[in-house]
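Engineer: This is the structure, below, for whatever I ask next.
The values are calculated or read from the model by the stated rules, or taken from the named source; none is laboratory data. Treat the numbers as computed from the prediction; the structure is a model and nothing was measured. No Cβ is skipped: glycine too gets one built from the backbone with ideal geometry, and neighbour counts run over all protein chains shown.
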Amino acid sequence: MTTFPNIPLGHTIPAHQAFGWCSYCPNRTPAEELAAWQTRETDETIRKPTRDQLLEAVDRVRALHHDWDADPGHCAHCQDGMGTPLPWPCPTIRALEG
Ligand SMILES: [Zn+2]
Ligand SMILES: [Zn+2]
């Protein structure tokens, strides 16, 4: 069994791990703990990728999809169901360009 030496017996362990306090701590209320959890959840759900992260994702897609040296005029990544490379620019790149 894991013990949490810094967390007083009877206190809410997840709250102590997340915030360092819980509703059983002195000067804390259950409403305060609930509000803290709600704020935390909101922070996590509204965290959006930054512009740089999105641009990096686009770069990774572009690294996969490029005009293929071995077969110019065709995508190095995309093929039809028969294994024939798709004409360049492929649908993925056209989708990125908008
Ligand atoms: Zn506590
Ligand atoms: Zn492609």
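Engineer: Could you give me the residue pairs with C-beta distances under 7 Å whose first residue belongs to the range 36-56 and is under 24 Å from CYS25 (Cα atoms), whose second residue is modelled with pLDDT of 75 or more and not aromatic (Phe, Trp, Tyr) wherever it lies, and which are 6+ apart or on separate chains?
Structural biologist: ARG40/ALA18
Engineer: Which condition number in (1) of a type outside the set (Gly, Ala, Ser); (2) in a helix (DSSP H, G or I); (3) out of contact with any helix residue (DSSP H, G or I) (no Cβ under 9 Å at 6 or more places or on another chain) is the one that GLU33 fails?
Structural biologist: In the conditions (1) of a type outside the set (Gly, Ala, Ser); (2) in a helix (DSSP H, G or I); (3) out of contact with any helix residue (DSSP H, G or I) (no Cβ under 9 Å at 6 or more places or on another chain), GLU33 misses (3) alone.
Engineer: If you don't mind, another one. Have a look at ILE46, ILE93 and point out the one that is of a type in the set (A, V, I, L, M, F, W, C) and within 16 Å of ligand 2 (Cβ to nearest atom).
Structural biologist: ILE93
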